[in-house]
1. Residues of region B:60-99 being among the small types (Gly, Ala, Ser), open to solvent by less than 20 Å² (accessible area, probe 1.4 Å) and either more than 9 Å from chain A (Cβ to nearest Cβ) or in contact with a Lys or Arg (Cβ under 6 Å, 6 or more places away or on another chain) (or both), which ones?
2. Check whether at least one residue in region A:6-15 is exposed (fewer than 11 other Cβ atoms within 10 Å of the Cβ), part of a helix (DSSP H, G or I), among the charged types (D, E, K, R) and more than 10 Å from every other protein chain (Cβ to nearest Cβ), and report yes or no.
3. Considering only region B:157-188, state which residues are open to solvent by 10 Å² or more (accessible area, probe 1.4 Å) and assigned to a helix (DSSP H, G or I).
4. Is at least one residue of region B:134-142 more than 24 Å from B:Ile53 (Cβ to Cβ), assigned to a helix (DSSP H, G or I) and within 12 Å of chain A (Cβ to nearest Cβ)?
5. For region A:22-45, what are the residues that are within 20 Å of B:Gly51 (Cα to Cα) and at the interface with chain B (Cβ under 8 Å from one of its Cβ atoms)?
6. Checking B:Thr52 against (1) without any contact (Cβ under 8 Å) to a residue 24 or more places away in the chain; (2) surrounded by 13 or more Cβ atoms within 10 Å (Cβ to Cβ); (3) away from every other protein chain (no Cβ under 12 Å), only one condition comes out false. Which one?
7. In contact (Cβ under 8 Å) with a residue 40 or more places away in the chain and either surrounded by fewer than 16 Cβ atoms within 10 Å (Cβ to Cβ) or more than 10 Å from every other protein chain (Cβ to nearest Cβ) (or both): does that describe A:Leu19?
8. Could you pull out the residue among B:Ile105, B:Ile53 that is more than 19 Å from the chain's Cα centre (by Cα) and either at pLDDT 90 or above or over 24 Å from B:Gly154 (Cα atoms) (or both)?
Amino acid sequence: MEEVSQIEVKPVNKEKVKLFVKVTIILAVITAFEFLIAFTVPHEYKWLRIVVFIVLTIFKAYYIVAEFMHLGHEKKSLKLSIVLPMLFIVFLIFILLFQADAILQVLS
Amino acid sequence: MSSTAVIVDEKKQNIWSGGLAPMKASYGKLMMWFFLLSDAFSFSALLVTYGTIRFSHPAYDGAVEDFIFSQSYWPIPEKVFEAVPFLHGLHAPLVFVGIMTFILIMSSVTMVLAVEAGERMDRRGVEKWMLWTIVGGLVFLGCQAWEWSHFIHGTAYGGRLLDGSIFFGANLTMNQYGPSNFAALFFFITGFHGFHVLSGVVINFIIFYQTVVGKLEKVGHYEMIEKVGLYWHFVDLVWVFVFTFFYLV
């Protein structure tokens, strides 16, 4: 039990906690904004809705990955080795969405 | 053996030749990152599949107010997910998923506070925030169980299948909401995510236990909290994408 008392507990890093509170507020505001768009922008503007939702989602993802997962403060080589492979996904999205359109054309 | 020193020729020294951490991250953390990258590919594949199958079905093109479930077009998600527990008959589109999103984001915040406490060697703080994270995860799982149960049992009025019969709820081959693939994708995507949340809660609990019995304190650092934290934030991150592509778009 004496060993336990030797461990030095440092005081709360106020700046870090402030940053986390800020990120939380940003995430909450973006989510609220997404809801606002979902209920105010009519469904006729389908592509406008989709583009805005995707942009807002990428913003949220950026804050979660960069601040909560701390990737924004890692070395550049680590950042790049995680982010660059995601380009394959962009490629996949384009291929498969064109494919989906072609399937729809054939079936209808 | 561990005290053996290796003398390296200064000129030939290369940070990638071993013994150093060129990315300034420990082996465990690095491997967690690469695991998460591969997991991101799995979820991307599922969500891209959703997009592909959705866009190979006709979209509903009438007025939104007149929308009814039909097998001949893809449903509007906010017309499917509009129920809230204990408020039967109330049309509250997306409100319940909004609450679930909020719960998961909050549990991500408590996780990040647990990591911060760990950096300060504050065992009490780690215990407190890890416990809140576990509670958040369990509440999210409870919400998802309700959501699945509601989706499977269906609404009071049901939906018409292609053969003209009325069907209530959903299973893997047919559902009242729209084309059969709609329910199948719902089960696969939210199920795969929910299973990640479940395993995250189990892993969080193991690390919480190790903190409580003082194992991590004996090790001398709380990097384990950071590693499970990465996994937990990733689960939150995936939900952000599932929320957008399955419920909003």
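The values are calculated or read from the model by the stated rules, or taken from the named source; none is laboratory data. Computed from a predicted structure; not experimentally measured. Quick reminder, even Gly has a Cβ in these numbers, built from the backbone with ideal geometry, and neighbours come from all protein chains shown. For accessibility, only protein heavy atoms count, side chains too; no ligands or nucleic acids. Shrake-Rupley method; radii C 1.70, N 1.55, O 1.52, S 1.80 Å.
1. B:Ala92
2. yes
3. Within region B:157-188, B:Ser180, B:Asn181, B:Ala184, B:Leu185, B:Phe187, B:Phe188 meet the criteria.
4. no
5. Residues satisfying the conditions are A:Glu34, A:Ala38, A:His43.
6. (3)
7. Yes: the conditions hold for A:Leu19.
8. The conditions single out B:Ile53.
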